[in-house]
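Notes follow the structure.
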Amino acid sequence: MTDTHLPDPVTQAAFYAGIPTKRLLAWIVDVILIGLLTAVVATLPLFIGWFFFPLLFLVLSFAYRVVTISANSATWGMRLFNIELRNREGHTLDGSEALLHTAAYMIASAFFIPQVISITLMLINPRAQGLHDLLCGTAAINKPSRY
């Protein structure tokens, strides 16, 4: 990325320390939360939602990610592991950026090769950015102290 105001991975390496592992753990927490939410929603209308569980899971996953990222620039899983998303200017994501990031994430996750590329990029990229992060100009960083 050129012309970015994200923390420099060389001079400010602490912002990116452990990010791939934290993102994986946050993803696991988020999938569990979305799965539980989907199970509750699928059960409400006389269990009819269970027939559409995969579609319901995708819709709720998309909504969960957009809402939580727009509110705090992080999903609840990310917040648990003290990471947040930042745009190329170094600011937290707003609603439209959260929508774009989530759409790019969902598309990349839907196909095997983009997902493998994304994981590989997170492991080798100095800013630990996945494919969707590079496309959106975002990066996950360790949340800066507010003191």
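For residue 45, the conditions (1) within 21 Å of residue 141 (Cα to Cα); (2) outside any helix (DSSP H, G or I) are fulfilled apart from (1).
Among the numbered criteria (1) in contact with an Asp or Glu (Cβ under 9 Å, 6 or more places away or on another chain); (2) touching a residue at least 24 places away in the same chain (Cβ under 8 Å); (3) within 21 Å of residue 21 (Cα to Cα), which single criterion is violated by residue 82? Residue 82 satisfies every listed condition except (1).
A count restricted to region 2-32 and to residues that are part of a loop (DSSP other than H, G, I, E, B) and either at pLDDT 90 or above or surrounded by 15 or more Cβ atoms within 10 Å (Cβ to Cβ) (or both) stands at 10.
Among the residues making up region 89-147, those that are in contact (Cβ under 8 Å) with a residue 24 or more places away in the chain and basic (Lys, Arg) are 127, 143. Within the set 35, 77, the sole residue that is over 15 Å from residue 138 (Cβ atoms) and crowded, with 18+ Cβ neighbours inside 10 Å turns out to be 77.
The single condition among (1) touching a strand residue (DSSP E or B) at 6+ places or on another chain (Cβ under 8 Å); (2) within 18 Å of residue 105 (Cβ to Cβ) that residue 15 does not satisfy is (2). Considered as a group, the residues in region 120-147 that are surrounded by fewer than 16 Cβ atoms within 10 Å (Cβ to Cβ) and among the β-branched types (Val, Ile, Thr) include one that is nearest to the chain's Cα centre (by Cα), and that residue is 120. Scanning region 80-96 for residues that are buried (at least 16 other Cβ atoms within 10 Å of the Cβ) and either part of a strand (DSSP E or B) or out of contact with any Leu (no Cβ under 9 Å at 6 or more places or on another chain) (or both) returns 83, 84, 85, 86, 92. A single entry from 56, 99 fulfils the requirement of being surrounded by 15 or more Cβ atoms within 10 Å (Cβ to Cβ), at pLDDT below 95, out of contact with any Leu (no Cβ under 8 Å at 6 or more places or on another chain) and not acidic (Asp, Glu): 56. Scanning region 110-126 for residues that are among the hydroxyl-bearing types (Ser, Thr, Tyr) and either within 21 Å of residue 62 (Cβ to Cβ) or in a loop (DSSP other than H, G, I, E, B) (or both) gives a single hit, 118.
The values are calculated or read from the model by the stated rules, or taken from the named source; none is laboratory data. What you see is a predicted model, and the numbers here were worked out from it, not measured in a lab. Ideal geometry is used to build each Cβ from the backbone, glycine not excepted, and the neighbour counts take in all protein chains shown.
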